[in-house]
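The values are calculated or read from the model by the stated rules, or taken from the named source; none is laboratory data. Since the model is a prediction, treat every value here as computed from it, not as a measurement. FYI the Cβ positions are ideal-geometry reconstructions off the backbone, even for glycines, and counts take in every protein chain you see.
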Amino acid sequence: MKPFPWLLFLLACPLRAAEPDWPVIEKRAVEFLQEYVRVKSINPPADTSAAAELFRTELEKNGFAPKIFHTGPNGQTNLLVRLEGRDRTKKPLLLMNHFDVVPVDAKAWPVDPFAAVIRDGYLWGRGAMDMKSTGVIHLFSLIALKQTGVVPERDILMLCTSDEESFGPYGVRAMIRDHWKEIEAEYVLDEGGFGSPDQFSPGRTVFGISVGEKQVLWLRLRAKGTAAHGSQPIPDNANMILLDAIGKALNTPDRGKPNEAVERMREKLGGRLAGNKFMAAIQRNTISLTTLSAGVGSPPRANVIPSTSEATLDCRLLPGVNAAEFVSEMKARINDPRVAIEQLSDPADPGVSRMDTPLFAALRAAILKYHPEALVTPILIPYGTDSVELRKKGVIAYGLAPMVVDASIVATMHSDAERIPVSEFQTGLKIFHELLKSKF
Ligand SMILES: [Zn+2]
């Protein structure tokens with residue numbers, strides 16, 4: 001017996017899942033981002049309980065069952081949610097974002113940093129770029145999948161962490177330590193890269209997907225001399241000893257080896273690399289002199305030579321560089337028993353994530369659907385993210401805010417004019433939705 005035509009139509013329906021109602025979802029996502037920016041999840045103290053509550057409510061409204069983890073003494077709170085996929089033999093994709101934001105100098109802002117004002121197409125506020133917009137893109141790309149009834153290829157998890165801005169003791173590290181089974185994934189998508197018309201290559205839209213990050217090595221130099229009257233200069237002046245040591249430290253020759261990710265990027269961009277501090281930093285080891293402190297009395301006296309003087313150096317090493325060797329080379333170069341070098345951070349080097357994966361290909365395809373003119377390339381990032389902890393566990397981690405932003409907007413991260421273009425945020429949402437429903 002021939003089936004009725006309408007039956008055929010019904011049978012065909014599940015194969016062609018409906019597109020999300022984009023105008024409605026985009027509108028709600030922008031509203032939600034505004035509500036989220038208004039939540040002052042500043043680190044310190046990284047009290048992220050209100051941010052977690054906001055996410056929980058939106059998820060539950062949409063039929064999800066999120067889990068909340070109170071992990072720290074100051075309200076540090078993480079959230080985890082799962083959307084089940086078809087193939088349970090595949091390890092999940094983990095979307096990871098952080099709830100916390102860095103503090104603000106409100107007087108320096110042209111707008112209230114927690115009002116989430118939209119002006120001339122930009123949404124302003126602390127966290128707009130780093131990384132509340134991407135967190136909301138994660139959230140609403142999941143919601144869009146659920147609303148259209150699309151079952152993804154594999155489980156998709158979303159983890160929102162509490163304290164990325166302070167190395168994640170109660171966030172990513174607590175979750176890995178105490179809840180590994182629940183978050184174990186094959187891939188993680190986090191912050192790191194982004195799209196830009198000028199940041200990576202002049203006059204070309206490039207999406208840089210981060211596949212690795214530099215190692216964070218903080219050092220304190222402490223010089224010891226003799227206290228004396230400023231009226232009579234002495235060679236044993238701690239400040240002079242320190243200045244000399246800093247000069248030598250900054251001139252430590254760069255032993256950075258060409259990095260696989262950077263080489264791949266150079267090749268992709270045909271050698272046309274933009275000249276800016278970001279691009280410079282990802283191609284070599286760097287040292288920034290970040291603090292100087294010396295003097296006797298408060299305020300310090302101008303006529304007293306202090307017996308000690310201190311400085312900190314923020315060194316960022318390329319993957320593959322041995323931090324201990326870097327430090328001993330610097331010590332040898334300073335070569336002064338009056339200068340002590342103390343290591344303040346514990347650099348991790350889990351290397352660079354593989355780039356030849358189905359997820360990387362799917363991400364590229366999703367980007368090209370909305371930005372057909374763009375070039376997609378792996379990059380290294382100069383700053384640290386939560387991803388380093390997942391790479392240590394063997395997870396393949398990529399970082400991307402799926403938005404095209406000018407270098408001048410990227411530079412507003414952590415600054416007093418942080419903002420994102422609203423239209424790019426909306427397109428980013430579609431890019432991630434496209435990715436989540438694709439096969440990888
Ligand atoms: Zn961040």
Which count do you get for residues in segment 55-70 that are touching a helix residue (DSSP H, G or I) at 6+ places or on another chain (Cβ under 6 Å) and of a type in the set (A, V, I, L, M, F, W, C)?
1
Could we say that GLY168 is within 16 Å of the ligand (Cβ to nearest atom) and touching a residue at least 60 places away in the same chain (Cβ under 8 Å) here?
yes
Of all residues in segment 78-134, count the ones that are crowded, with 24+ Cβ neighbours inside 10 Å, more than 15 Å from the ligand (Cβ to nearest atom) and among the basic types (Lys, Arg).
0
When every residue in segment 35-46 that is of a type outside the set (Asp, Glu) and not in a loop (DSSP other than H, G, I, E, B) is compared, the one nearest to GLY149 (Cα to Cα) is TYR36
Under 6 Å between Cβ atoms, at least 6 apart or on separate chains: pull out the pairs that start in segment 120-131 with a residue that is touching a residue at least 24 places away in the same chain (Cβ under 8 Å) and closer than 20 Å to LYS107 by Cα and end on any residue that is within 12 Å of the ligand (Cβ to nearest atom) and part of a strand (DSSP E or B).
ARG126/VAL101; GLY127/VAL101
Condition test on ARG255, is it modelled with pLDDT of 95 or more and either surrounded by 15 or more Cβ atoms within 10 Å (Cβ to Cβ) or closer than 30 Å to VAL352 by Cβ (or both)?
no
Limited to segment 61-101, what total is found for residues that are in a loop (DSSP other than H, G, I, E, B) and at negative phi?
20
Within segment 239-248, identify whether any single residue is surrounded by 13 or more Cβ atoms within 10 Å (Cβ to Cβ) and in contact with a Pro (Cβ under 8 Å, 6 or more places away or on another chain), and answer yes or no.
yes
Does THR134 fit the bill of being touching a Pro at 6+ places or on another chain (Cβ under 9 Å), among the hydroxyl-bearing types (Ser, Thr, Tyr) and assigned by TED's automatic domain parsing to the domain that holds TRP22?
yes
Criterion first (within 16 Å of the ligand (Cβ to nearest atom) and at pLDDT 95 or above) does SER162 satisfy it?
yes
Only one residue in SER231, SER201 is of a type in the set (Gly, Ala, Ser), away from the ligand (no atom under 16 Å from the Cβ) and out of contact with any Lys or Arg (no Cβ under 9 Å at 6 or more places or on another chain). Which one?
SER231
Quick one: is LEU243 farther than 23 Å from ALA323 by Cβ and touching a strand residue (DSSP E or B) at 6+ places or on another chain (Cβ under 9 Å)?
yes
Quick one: in segment 135-152, of everything that is within 16 Å of the ligand (Cβ to nearest atom) and of a type outside the set (A, V, I, L, M), which residue is farthest from VAL39 (Cα to Cα)?
HIS138
So, in segment 47-60, how many residues would count as being touching a Leu at 6+ places or on another chain (Cβ under 6 Å) and not in a helix (DSSP H, G or I)?
0
In this structure, does LYS393 turn out to be among the charged types (D, E, K, R), within 27 Å of ARG28 (Cα to Cα) and out of contact with any Ser or Thr (no Cβ under 8 Å at 6 or more places or on another chain)?
no
Working carefully through the options PRO73, PRO92, PRO66, find the one that is at pLDDT 95 or above, under 25 Å from ASP178 (Cβ atoms), in contact with an Asp or Glu (Cβ under 6 Å, 6 or more places away or on another chain) and of a type outside the set (A, V, I, L, M, F, W, C).
PRO92
Expected single match for within 16 Å of the ligand (Cβ to nearest atom) and either surrounded by 21 or more Cβ atoms within 10 Å (Cβ to Cβ) or at pLDDT below 95 (or both) among VAL211, VAL188, VAL206 is VAL188
Taking the condition assigned to a loop (DSSP other than H, G, I, E, B), over 15 Å from LEU159 (Cβ atoms) and either assigned by TED's automatic domain parsing to the domain that holds LEU145 or not small (Gly, Ala, Ser) (or both), does PRO23 pass?
no
How about segment 311-419: which helices (runs of 4 or more DSSP H) wholly inside it have at least 1 residues that are within 16 Å of the ligand (Cβ to nearest atom) and either at pLDDT 95 or above or surrounded by 16 or more Cβ atoms within 10 Å (Cβ to Cβ) (or both)?
387-392, 407-410
If we scan segment 147-154, do we find a residue that is buried (at least 20 other Cβ atoms within 10 Å of the Cβ), in contact (Cβ under 8 Å) with a residue 12 or more places away in the chain and among the polar types (S, T, N, Q)?
no
